Structure formats: C-alpha cells, structure tokens
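What follows draws every value from the coordinates through simple rules; no lab data is involved. Worth saying up front: this structure is predicted, and the values here are computed from it rather than measured. Neighbour counts are summed over all protein chains in view; Cβ atoms, including those assigned to glycine, are modelled from backbone coordinates with ideal geometry.
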Protein chains: 2
Amino acid sequence: MSQGFDKQNEVAIIGVGATPFGEHWHKNLRELALEASLTAVTEAGIRGKDIQEFYIGNMSGGMFTGQEHVAALVADFLGLNPTPAVRVEAACASGSVALRQGFMAIASGLYDLVAVGGVEKMTDVQSGWVTSILAGAMDSEWEAYFGVTFPGIYAMIAKRYMYEYGLTREQLAKVAVKNHYHGSLNPSAHLRNRITVEDVLKSPLVADPLRLFDCCPISDGAACVILAPAKMARQYTDTPIIIQACAQASDTLSLFGRRDVCTLDATKQAALQAFSQARLSPSEVDFAQVHDCFTIAELLAIEDLGFCSKGAAIKLYDEGQTYIGGKIPVNTDGGLKAAGHAVGATGVKQVVEAVKQLRGEADKGRQVEGAEVGLTHNVGGSGGTAVVTILRRGDSMS
Amino acid sequence: MSQGFDKQNEVAIIGVGATPFGEHWHKNLRELALEASLTAVTEAGIRGKDIQEFYIGNMSGGMFTGQEHVAALVADFLGLNPTPAVRVEAACASGSVALRQGFMAIASGLYDLVAVGGVEKMTDVQSGWVTSILAGAMDSEWEAYFGVTFPGIYAMIAKRYMYEYGLTREQLAKVAVKNHYHGSLNPSAHLRNRITVEDVLKSPLVADPLRLFDCCPISDGAACVILAPAKMARQYTDTPIIIQACAQASDTLSLFGRRDVCTLDATKQAALQAFSQARLSPSEVDFAQVHDCFTIAELLAIEDLGFCSKGAAIKLYDEGQTYIGGKIPVNTDGGLKAAGHAVGATGVKQVVEAVKQLRGEADKGRQVEGAEVGLTHNVGGSGGTAVVTILRRGDSMS
C-alpha cells in the first residue's frame with residue numbers, strides 16, 4: 001500500500017472568499033464564481049497567473065443553466081488561461097471533492113499554489129424542475145424514476161430514525177431553530193429569520209414527517225479557497241489555516257442499498273480516515289459545519305462523525321450543546337438550512353466559514369471563542385459520497 | 001515553483017478495457033462503465049478492493065440520462081465502496097482530464113493503484129437534443145444562446161482555414177476517407193464503412209462547408225485504464241505501458257475570444273508541456289490519436305501538436321502519410337470520426353487504443369509496426385480544454 005498520505009506536505013489555506021448564498025437574479029454562474037475567487041485571490045495576495053491548477057465543484061451547470069465545461073469557462077473569466085482547469089462533480093459534495101483534489105495536488109508536492117472553487121446557479125429554473133435536477137444525485141433509474149424526491153428520501157430516513165430511536169417531531173425541529181438562530185447572526189445567510197419549534201411544526205408539510213422549515217433553501221452562490229504548502233504559507237498570510245486531513249468515501253447512491261438507512265456509512269468511513277490522518281479524536285474538535293440539507297441529516301451527521309453515539313444526537317439539541325457556546329457548536333453560519341445550499345459551492349463555503357472561525361474573524365455573536373480545530377462534512381445525494389475535512393489554526397499545536 | 005513533475009514516480013498502465021462505441025440500446029450508463037472496467041480490472045489481475053481511487057470522465061450524465069453523481073454510482077456498481085470516486089468533467093475532454101487526475105495521484109506517490117474510466121450514454125435522447133446538450137461545452141450564454149451549434153463552430157474554423165491556407169473541400173474530405181478506412185479495420189468501430197472523397201462531397205450539408213461525413217457520430221460507450229507506479233507494474237503485467245507525460249491546458253470556451261481561430265492554443269500549450277515532460281519531440285512519436293470531432297479538427301490538431309507547421313497538414317494527407325504505414329499514422333482506430341465519440345469516454349478510449357498499439361495487440365491490418373511511442377490528444381468544446389498524453393512501451397528506452 002502507498003505511504004502517500006503519511007509522507008505528505010502539510011497543506012495550508014492562504015485565502016478564502018464566498019458570495020452570500022441566496023437568490024442572485026442579477027449574477028450568472030461565471031460572475032458568482034468570479035466574485036468569490038477574486039476575494040480569495042486578493043486575500044492571498046497572489047496573481048491569477050501564479051495559480052498552477054484550478055479545481056471547481058459544480059453539480060449541474062448543464063441542467064441548471066445549459067453550461068457544462070464550467071472549469072475552463074470560469075478559468076477564462078478569471079484570466080487563468082492556460083492553467084489546467086478541472087470541474088469535479090459529486091452532487092452536493094462537489095465542492096469538497098474539488099477541495100480534496102486540490103489538497104492532494106499540494107500534499108503530494110506536485111504544486112505550490114492551487115485554487116479550489118465551488119459554484120452553483122440554481123434559481124434560474126422553476127422550482128419543480130430544481131427538484132428533478134437534484135434527483136440526478138440519487139439513483140435516477142431505481143429511485144428518481146419511481147417518483148421519489150430528496151425530501152422523500154430524507155423523510156424515509158426520518159421516519160425510520162423516529163421509530164428506532166424515539167425522536168419526536170418537536171425535537172427534530174430544534175435543529176432548524178438552532179440553524180436559523182445562527183443564520184440570523186450571519187449577514188451572508190440566505191435565510192436570516194429566527195424561528196421557533198412552533199413555526200417549524202406549523203410550516204407546510206413537504207414529505208411526512210418533514211416540513212418546509214426542515215428543508216434547506218435552493219440557493220445561488222460561490223466560494224473559493226487558495227491552497228499552498230504550509231511551509232510557504234507565511235509568505236502569503238499571517239493566519240494560515242492548516243488542512244489537517246481531507247478524506248472521502250463512497251457508498252450506494254440508493255437508500256434501499258444501504259446496510260442501515262439511519263447511518264451514512266460514507267460519512268463514517270470518511271470520518272474514520274480523517275481523524276486517523278489528523279491524529280485527532282472528535283472530542284478535540286471545537287466546531288463542525290455539517291451537511292444539514294434536511295434537519296434529520298444533521299442528526300445523522302453528528303452521530304456518524306463520532307460526536308455522539310447513534311440515537312444520542314438529540315440529547316445534545318435538548319441541552320443546547322450545538323449552539324455557539326455549547327459543547328460542540330454545529331453549523332455556526334446557519335448551515336445549509338439557513339445560510340443556504342448552492343449545491344456545488346456548499347463544500348467550499350463550509351471550509352470558508354471554518355477558516356473564518358479559526359482565524360477569529362467570524363461575525364459578532366458567531367465566533368466560537370478560542371477555536372483551534374474545526375471540521376467540515378459534506379454529503380452527495382443521500383450519502384453516496386461524503387467528505388470530511390479537519391482544519392486547525394496554523395499557530396496551534398499539530 | 002513546484003518541482004513536482006520533475007521528481008515524480010513514473011506511471012504505468014497495467015490494464016485496459018473498452019466497450020465498442022456505437023448505439024447500445026440495451027445497455028445503460030452504469031452497464032457500459034461496468035463492462036469496460038471489468039475488462040481492465042481483469043487484464044490487470046487485481047480485485048476491485050485494491051483500487052485506492054476511482055476517477056471517471058463523463059460530460060453530461062445529467063442532461064443525457066438524468067444521472068449526475070456518476071462516479072459514486074459506477075463505483076457502487078463495480079463493488080468499489082468505500083473507495084473515493086470522483087467524476088471529472090471538461091466536455092469532450094472529460095476522459096483525459098480524468099486520466100490526468102489519476103496520473104497525478106500515482107505520479108505524486110499518494111496512491112499505488114488507481115482506476116480511470118470514461119463513459120457516455122448519448123443515444124437515449126433525440127438527436128436534435130443531443131446537439132443542444134453538446135452546446136453546453138461552448139460558452140452557452142455568448143455562443144449557444146445565439147443559435148450556433150458545434151458543426152457551426154467548426155464550420156467557421158474550416159471556412160477561415162480554407163481562406164488562410166488554401167485548403168480545398170476535396171482535400172478536407174481525405175481526413176474522413178482515411179479515418180473510415182482505419183475504422184473499417186476496427187471491429188469495435190461505430191462506423192465501419194469505407195468511403196471515398198466523392199461520398200463525402202455528396203453527403204448532406206450540415207454547416208457549410210462541413211457535410212455529414214465530416215462529422216463524427218453520436219455514440220454510447222465506455223473505457224477504463226488501471227494505473228500503477230511503473231516500478232510495481234511488472235507485478236501485474238508483462239507489457240506495462242508508461243505514461244511518459246500527461247499535460248492539460250485551458251483557453252477561452254468561445255471561439256470569438258481566440259487569438260487565432262485556426263489554432264487551438266490549449267493544444268499547443270498542452271503539447272509543449274507534454275513533450276517537455278517526456279523529453280521527446282514530435283518526430284519521435286510513432287502514431288497519434290487526435291481529436292477529430294470534425295475533419296477540420298484533425299488538421300488543426302496535427303499542426304498544433306507540432307507534427308507539421310500551420311497550414312501544412314494537408315500535404316501529409318495528400319501524400320497518405322497519416323495512414324497506418326505512413327510517416328505519422330493518425331487515428332489508427334478510425335478516430336472519433338469512424339470509431340465513434342462517446343464524449344466522456346473518448347479521451348480514455350484513445351489511450352486504450354494507444355496501449356494496444358504499443359503492446360503490438362492492434363487488430364490485423366491496424367498495427368503500427370514497431371511502435372514505441374504514441375500520443376493521444378483530446379479536446380473539450382472547440383478548444384477550451386486540451387489534454388496531450390505521451391505513452392511508450394515499458395521495455396523501450398526512456
């Protein structure tokens with residue numbers, strides 16, 4: 001077996017940028033990507049032509065906007081030609097799968113400066129069609145063809161979870177309440193309204209037991225990070241953030257193919273590898289940005305990541321431990337639920353938020369005090385792909 | 001600047017597989033990918049679980065079949081879970097961009113065994129819609145929106161080339177005649193009929209001056225190669241083929257943005273880098289598989305790759321030098337024109353053909369005798385992406 005990841009170069013993030021997530025009627029795909037990338041490049045103090053490889057996560061440029069070949073398009077608009085430009089797709093995990101490719105390109109010593117973006121423009125098509133496009137992330141022939149949508153898939157998970165572990169409808173609502181509270185403190189969030197458990201319970205039913213306020217919104221947005229070897233990072237920034245690990249795993253696209261519908265094995269596998277690479281345990285993580293496309297997904301995530309045992313997540317919510325200031329703050333920017341979900345951009349945007357937290361630059365009221373280690377977790381489909389990234393402050397102990 | 005590609009591990013191909021390209025009405029996307037991959041895995045004598053990373057090139061699973069998240073889907077069907085599975089997209093260059101990611105994963109020392117596939121299922125939608133989907137490879141807002149199709153784009157290139165370099169309509173037809181001749185010797189080719197210059201000139205006009213027989217067909221198909229460090233390759237095969245170089249470049253998606261519409265700068269840049277990495281010159285290449293989506297594209301390719309100067313390609317065709325047995329055999333399997341173009345698979349399929357040539361395993365009448373060095377060239381869109389790969393026999397001099 002390869003010794004590759006043991007002898008790797010340490011990888012640092014030296015610049016980040018993200019657009020607000022939301023309805024950007026006046027900006028197209030390439031303009032969103034440009035906005036996020038220029039912020040990141042400017043932060044890093046580099047020029048476009050210094051970038052040796054450009055990765056971008058994008059789920060469905062083709063179906064959302066008629067545009068494939070997105071990486072070269074954005075690279076051109078950024079003035080990067082003839083730099084190699086690579087679009088990576090793994091449904092809603094596209095952004096973090098792109099990040100992992102960039103991480104490997106630096107960790108391996110092949111490159112010294114890599115840009116990783118993520119972008120999605122989702123609001124230019126009618127909303128029913130968005131749901132159909134997103135169904136391309138599941139097994140289209142054996143799931144989508146028979147009429148199930150993602151709210152339906154996650155509703156089945158939620159039903160089973162409630163049956164197995166005694167989760168109540170009111171408890172599930174607490175995930176949304178917490179994420180909207182965090183989102184209310186985030187000027188870049190798609191949804192900034194605070195909500196109550198009652199608001200969730202009174203919101204329209206989407207797929208029993210999931211209601212509107214259990215579901216993340218459909219967003220436009222982009223994010224970008226600039227990567228360099230840690231040993232060179234101080235040339236660019238006083239606050240490098242180290243990617244301690246970035247691990248990815250695959251599983252069946254179909255829910256019916258799973259060992260256990262209440263567990264995302266891809267998350268478990270990616271987390272095991274990431275914690276092993278980072279030589280850290282979940283208890284050493286100061287905050288986590290997890291993939292909460294639906295409220296139930298956040299509960300699965302924190303269990304499968306190892307923050308608590310299976311079925312025990314809701315206790316953390318009953319105790320308020322996932323709020324900023326709690327034992328393990330989850331989705332400090334509001335998560336997909338409130339900060340928004342521009343699918344191809346989400347994985348990179350989670351990392352942008354983690355970097356801001358680790359630098360101590362989060363907005364007022366959202367800063368996790370003294371945060372030294374953060375984790376991001378990004379899922380494709382209902383768990384066909386999962387990526388777990390562990391980040392730490394460049395000046396903290398390894 | 002990174003020294004990465006100077007200190008790399010040498011990368012070998014230890015197994016290959018491809019489906020015939022054509023109309024596979026009875027096989028879906030995952031079945032095509034499975035067929036090609038099983039052949040490659042069997043050739044390499046490995047088990048699926050030995051594979052440490054799986055890349056797959058696919059242009060438009062979403063638009064052609066409603067299926068995104070293609071890498072995890074295929075990985076599941078291949079029994080590779082939880083191996084990381086990464087779909088890569090760069091329009092018609094998706095396959096070779098995936099190959100390059102696999103090449104980097106081995107060259108860098110991160111991994112010891114990587115599978116790279118390419119797949120496209122194009123014939124399940126009506127043909128007019130295929131043209132619209134393919135237009136996602138150009139600048140959708142500034143080219144496709146105004147009604148131009150790829151035949152139109154390449155027709156503009158051909159018109160200008162004829163004006164600049166005095167190419168005649170009859171001469172251009174010779175590219176198709178040669179590729180159909182090679183295709184007639186290839187049992188896996190999509191089109192196996194031999195044609196004459198007159199056949200081309202009498203075929204229906206598609207976009208002046210391009211006629212039906214100037215255009216490649218729309219194909220279903222898949223291909224796969226297994227990569228390992230060259231130093232380990234003999235464990236798996238007696239005939240390892242070395243990837244001497246794999247280089248990629250980007251350019252504007254739009255034709256109107258180019259310095260010169262008769263030159264693909266992305267091809268030139270990728271070729272320069274590839275020949276530099278390989279420490280070889282074009283005269284040392286024994287055959288080339290180039291991106292002939294339209295006849296005119298093959299002429300640009302062999303010029304931009306450095307096999308002759310700009311405007312001089314047609315002389316090679318007048319003299320028959322691009323036939324097997326000529327000075328520089330081009331598209332020994334029939335190329336995209338006759339062997340077929342399953343867009344996301346094409347870049348990998350070109351490499352499969354090159355490997356068979358270098359092993360001396362090409363079909364009767366198609367073997368380039370004594371071939372030691374081969375080149376593949378794959379283009380996305382009208383040149384927004386280009387990848388050039390140089391391969392040599394594992395037992396030949398480096």
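A dipole drawn for region A:72-180 from +1 and -1 charges on Cβ atoms has a positive end, and of A:GLN126, A:PHE103, A:MET156 the residue lying farthest that way is A:MET156. Under 5 Å from the amide H of A:GLY109 lie the amide H atoms of A:ASN9, each residue being 5 or more positions distant or on a separate chain, with H modelled from the backbone and absent for Pro and chain starts. For the residues of A:55-64, the average number of beta carbons from a partner chain within 10 Å of their own beta carbon is 4. Running a GNM on chain B with Cα contacts under 10 Å, which residue among B:PRO217, B:PRO282, B:PRO82 ends up with the highest mean-square fluctuation? Top of the fluctuation ranking is B:PRO82. Phi angles of region B:170-184 translate, via the Karplus equation with coefficients 6.51, -1.76, 1.60 and θ = phi - 60°, into HN-Hα couplings of 5, 4, 4, 4, 5, 4, 5, 4, 5, 5, 5, 4, 4, x, 5 Hz per residue; Gly and Pro are given as x. Measuring spread by the Cα atoms of region A:1-156 yields a radius of gyration and Dmax of 17.2, 51 Å. So, with +1 on the Cβ of K and R and -1 on the Cβ of D and E, and no other charges, what is the size of the charge dipole of chain A about its Cα centre, to the nearest 20 debye? Around 380 debye, computed over chain A. For B:ALA245, the residues whose amide H sits under 5 Å from its own are B:ILE390, ignoring neighbours fewer than 5 places away on the same chain, with H placed 1.01 Å from N.
Shape of region B:168-268 from its Cα gyration tensor (a ≥ b ≥ c, root eigenvalues): rounded if a/c is under 1.5, otherwise prolate when a/b > b/c, or oblate? Oblate is the answer for region B:168-268, as a/c is 1.5 or above yet b/c matches or exceeds a/b.
In nanometres and ascending order, the distances from the A:ARG169 label point to those of the other copies are 7.3 (point 7 Å from Cα along Cα→Cβ).
The phi torsions of region B:116-122, fed into the Karplus equation with coefficients 6.51, -1.76 and 1.60 and a -60° offset, translate into couplings of 10, x, x, 8, 8, 10, 10 Hz, rounded to whole numbers, with Gly and Pro shown as x. Straight-line reach from B:LYS337: which lysines have a Cα under 18 Å away, not including same-chain ones fewer than 8 places off? List returned: B:LYS121, B:LYS174, B:LYS178, B:LYS202, B:LYS349. Using only alpha carbons, chain B has a radius of gyration to Kirkwood radius ratio (Rg to Rh) of 0.94.
Averaged over the residues of A:250-259, the number of partner chain Cβ atoms lying within 10 Å of the residue Cβ comes to 4. Overall shape: rounded for region A:274-398, with the ratio a/c of the largest to smallest alpha carbon gyration tensor axis below 1.5. Dipole size of region A:1-89 about its Cα centre, with +1 on Lys/Arg Cβ and -1 on Asp/Glu Cβ: approximately 140 debye, rounded to the nearest 20. Between A:GLY57 and A:VAL88, A:GLY117, A:GLY118, A:VAL119, the built amide H atoms are under 5 Å apart, and every one of these is 5 or more places off in sequence or on another chain.
List the trypsin sites (Lys or Arg not before Pro) in region A:354-392 that DSSP assigns to loop (not H, G, I, E or B) and whose Cβ has at most 12 other Cβ atoms within 10 Å. Which are they? Sites meeting the loop and neighbour criteria: A:LYS364.
Summarised in one figure, the compactness ratio Rg/Rh of region B:114-224, Cα atoms and Kirkwood Rh, is 1.00. Note on the protein assembly as shown: Cα Rg divided by 2.2 N^0.38 Å, N the number of residues, gives 0.91.
Scalar couplings 3J(HN,Hα) for region B:327-333, obtained by applying the Karplus form with A = 6.51, B = -1.76, C = 1.60 to θ = phi - 60°, are 4, 9, x, 10, 6, 5, 9 Hz; x denotes Gly and Pro.
For A:LYS268, the lysines whose Cα falls under 19 Å of its own Cα, not counting residues fewer than eight places away in the same chain, are A:LYS310, B:LYS49. Per residue, the average separation of C-alpha pairs within less than 8 Å and at least 6 apart gives chain B a relative contact order of 25 percent.
Across identical copies of the chain, A:ASP208 has label-point separations of 6.5 nm, listed in ascending order, with the point defined 7 angstrom from Cα along Cα→Cβ.
Simple rule: put +1 on each Lys or Arg Cβ and -1 on each Asp or Glu Cβ in region A:3-53, find the dipole, and look at A:ASN9, A:VAL41, A:GLY22; the Cα lying farthest toward the positive end is A:VAL41. In chain A, taking the dipole from charged Cβ atoms about the Cα centre, the farthest positive-side position among A:ILE195, A:THR385, A:ALA90 is held by A:ILE195. Among the chymotrypsin sites (Phe, Trp or Tyr not before Pro) in region A:1-83, those located in a DSSP loop and surrounded by at most 13 other Cβ atoms within 10 Å of their own Cβ are A:TRP25.
Taking the Cα centre of region B:193-271 as reference, the dipole from Cβ charges on Lys and Arg (+1) and Asp and Glu (-1) amounts to some 300 debye.
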